[in-house]
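A.B. asks: One structure, as structure tokens, below. Some questions next.
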Amino acid sequence: MNAPLPLTLALPRRAALRRLAALALAPGAAHAAPGGLPSATHEATSPEWERLHQRMFPGRPLIQGQGTVQVIAPLRAAYGASVPVKVVSRLAQRPELYVRKLYLIVDKNPSPVAAMLDLTTAVGQADFETRLRVDEYSHVRVVSELSNGELHTDSRYVKTSGGCSAPPNREALHLIGKTILKVAGKVQPGKPMAAEVTVVHPNDTGFELNQLTVMYIPPYFVRSMVVSFAQQPIFAADLDFSVSENPTLRFNFVPQGPGELRAEVTDTKDAQFVGTLLVG
């Protein structure tokens, strides 16, 4: 297997997330479709998305459809603070053409860019699963940037609300930062292997009300994650509070033999956590 590519972004990722979050809070950020109701078609655009598109990918066309990437999410979610979202890539991660970046976006969230992921060919297949907060009826989008510069996108309209103001579970604060890795099955050299990383963390949004003090809980969430196997990078993720409490990412990687799966995590208080798992 070719050596993984460096994990880089065109802009510093933390700064990019802050800028994009500010866009959603700008005057005129919320608009309704004709008739006063948001469009409920999965492929529709929104004023928020139009603005984000121009800031994130200026002058670059996006190819709409599920031929290269698909996002799967429920039309109606029972709980807005934990909406299951799956990204399915139709493209194998080969050096000649692969998914190098994935963006997960919730149009109408206070911080719409939930995750930006830098990928290497070591993921084998750029499929990811996680759970997101959805604050009001909104499109959930994925943008897949290929190594040749093409941008592909897909979206689903999700009907739920209250995701960013739902109170988190505060019964395990002593476990904050515990990072748990899991794999499915046994190593088959050269073949993609399913894995999961979970960080115990409240991922406070800043919009949650403390029922005892009647004051807002300050934002406090997992900011970044770097995952590697046998000292070779698999992916790096910049996350925001639009990812649910106890953020979990399900992913693939291609082992060439036994080794250590490792996740390095940083939160918004600059606390650093590490989880490891021997795989073999």
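A.B. asks: When the chain is treated as a GNM, springs tying every alpha-carbon pair under 10 Å, which of L175, L102, L91 comes out with the largest mean-square fluctuation?
C.D. replies: Of the options given, L175 has the highest mean-square fluctuation.
A.B. asks: Counting Lys and Arg as +1 and Asp and Glu as -1, what is the net charge of the other residues whose Cβ lies under 13 Å from the Cβ of R250?
C.D. replies: The answer is 0.
A.B. asks: Here are some values of Rg and Dmax of the Cα atoms in Å: (1) 23.7, 81; (2) 25.2, 73; (3) 18.4, 59. Which one was computed from this structure?
C.D. replies: Among (1) 23.7, 81; (2) 25.2, 73; (3) 18.4, 59, the one calculated here is (3).
A.B. asks: Under the 0.36 nm per residue contour assumption, what length would be gained going from the current alpha-carbon distance of H42 and I72 to full extension?
C.D. replies: Extra length from H42 to I72 when fully extended: 9.7 nm.
A.B. asks: Applying 1/(1 + (r/R0)^6) with R0 = 30 Å to the Cβ-Cβ distance of K186 and A271, what FRET efficiency is obtained, to the nearest 0.05?
C.D. replies: Step by step, r from the Cβ atoms, then E = 0.35.
A.B. asks: Would you please give the FRET efficiency between I63 and T213, computed as 1/(1 + (r/R0)^6) with r the Cβ-Cβ distance and R0 = 51 Å, to the nearest 0.05?
C.D. replies: The value I calculate is 0.55.
A.B. asks: Mean separation of Cα pairs under 8 Å and 6+ residues apart, divided by the residue count of region 160-247: what relative contact order is that in percent?
C.D. replies: Relative contact order, region 160-247: 26 percent.
A.B. asks: Related question: If Lys and Arg each add +1 and Asp and Glu each add -1, what is the summed charge of the other residues whose beta carbon sits under 12 Å from the beta carbon of V197?
C.D. replies: So the surrounding residues net to +1.
A.B. asks: Moving to a separate point now. Need one number for region 71-207: average projected area of the convex hull over its C-alpha atoms, nm².
C.D. replies: 9.4
A.B. asks: Before rounding to the nearest 500, sum -39500 (n - 2.57) across all DSSP H runs of length at least 4 in the chain and divide by the residue total; then give [θ] at 222 nm in deg cm²/dmol.
C.D. replies: The helix-only estimate for the chain comes to -2500 deg cm²/dmol at 222 nm.
A.B. asks: In the Gaussian network model of the chain, springs joining C-alpha atoms below 10 Å, which of L181, L209, L119 carries the largest mean-square fluctuation?
C.D. replies: The residue with the greatest mean-square fluctuation here is L209.
A.B. asks: For region 118-185, state which GluC sites (Glu not before Pro) are in a DSSP loop and have at most 12 other beta carbons lying within 10 Å of their beta carbon.
C.D. replies: Here the sparse-neighbourhood loop sites are E171.
A.B. asks: If you don't mind, there's one more thing I want to ask. In the chain, which longest range has no trypsin sites (Lys or Arg not before Pro) that are both DSSP loop (not H, G, I, E or B) and surrounded by at most 13 other Cβ atoms within 10 Å?
C.D. replies: 1-169
A.B. asks: Oh, and also: With a 10 Å cut-off between alpha carbons and a GNM built on the chain, which of A126, A236, A78 moves the most?
C.D. replies: A78
A.B. asks: Could I ask something else about it? By how many nm would the segment from N148 to L175 grow when fully extended, if each residue of separation counts as 0.36 nm and the alpha-carbon distance is taken off?
C.D. replies: Extra length from N148 to L175 when fully extended: 5.5 nm.
A.B. asks: Let me ask something else about it. What relative contact order, as a whole-number percentage, does region 67-185 give when Cα pairs under 8 Å and 6 or more residues apart are counted?
C.D. replies: About 31 percent, as a whole number.
Every number here is computed from the coordinates shown, using simple stated rules; none is lab data. Small disclaimer: the values here were computed from a predicted structure and weren't measured. Methodologically, a virtual Cβ is constructed for each residue, glycine included, from the backbone with ideal geometry; neighbour enumeration extends over all protein chains shown.
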